1. Please find, among Thr20, Thr14, Thr41, the residue that is loosely packed, with under 15 Cβ neighbours inside 10 Å, polar (S, T, N, Q) and at pLDDT 95 or above.
2. How many residues are within 13 Å of the chain's Cα centre (by Cα) and not in a helix (DSSP H, G or I) if we restrict to region 1-37?
3. So Lys48 ticks every box in (1) touching a residue at least 12 places away in the same chain (Cβ under 8 Å); (2) in contact with a His (Cβ under 9 Å, 6 or more places away or on another chain) but one. Which box is left unticked?
4. Does Lys53 satisfy being of a type outside the set (Val, Ile, Thr), surrounded by 12 or more Cβ atoms within 10 Å (Cβ to Cβ) and not in a helix (DSSP H, G or I)?
5. Going by the conditions given, is Tyr40 assigned to a loop (DSSP other than H, G, I, E, B) and under 17 Å from Gln13 (Cα atoms)?
6. One residue is enough: does region 57-77 have a residue meeting the conditions in contact with a strand residue (DSSP E or B) (Cβ under 8 Å, 6 or more places away or on another chain), loosely packed, with under 12 Cβ neighbours inside 10 Å and in a helix (DSSP H, G or I)?
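The values are calculated or read from the model by the stated rules, or taken from the named source; none is laboratory data. Since this is a predicted model, take the numbers as computed values, not measurements. Cβ placement follows ideal geometry from the backbone for every residue including glycine, while neighbour counts extend to all protein chains displayed.
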Amino acid sequence: MTYYVYILKCSDQTLYTGITTDPKRRIHEHNNSNKLGAKYTRPRRPVKLVYTKKYKTRSEATKEEIRIKKLSRESKKLLITKNTF
């Protein structure tokens, strides 16, 4: 199975990082579901996908998600700019 680390830009300009096996479905959930979307993104809709990267294992994706979450906002913006999809 393929896993994706993704970054969303919320309507309040904050950034949210997560992992999923299906980015398209997950973005739909963040924007439309009160049960499946993250608690953080619900009041910040709509969200827009600004970064995604594939990983072969959940473990690799989780490690990268944790690494990205520790980055400063400026470092995340640089990552997004360098890795436009």
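1. Among Thr20, Thr14, Thr41, only Thr14 is loosely packed, with under 15 Cβ neighbours inside 10 Å, polar (S, T, N, Q) and at pLDDT 95 or above.
2. 18
3. Result: Lys48 passes all but (2).
4. Yes.
5. Working: assigned to a loop (DSSP other than H, G, I, E, B): yes; under 17 Å from Gln13 (Cα atoms): yes.
So Tyr40 passes the test.
6. Within region 57-77, one or more residues are in contact with a strand residue (DSSP E or B) (Cβ under 8 Å, 6 or more places away or on another chain), loosely packed, with under 12 Cβ neighbours inside 10 Å and in a helix (DSSP H, G or I).
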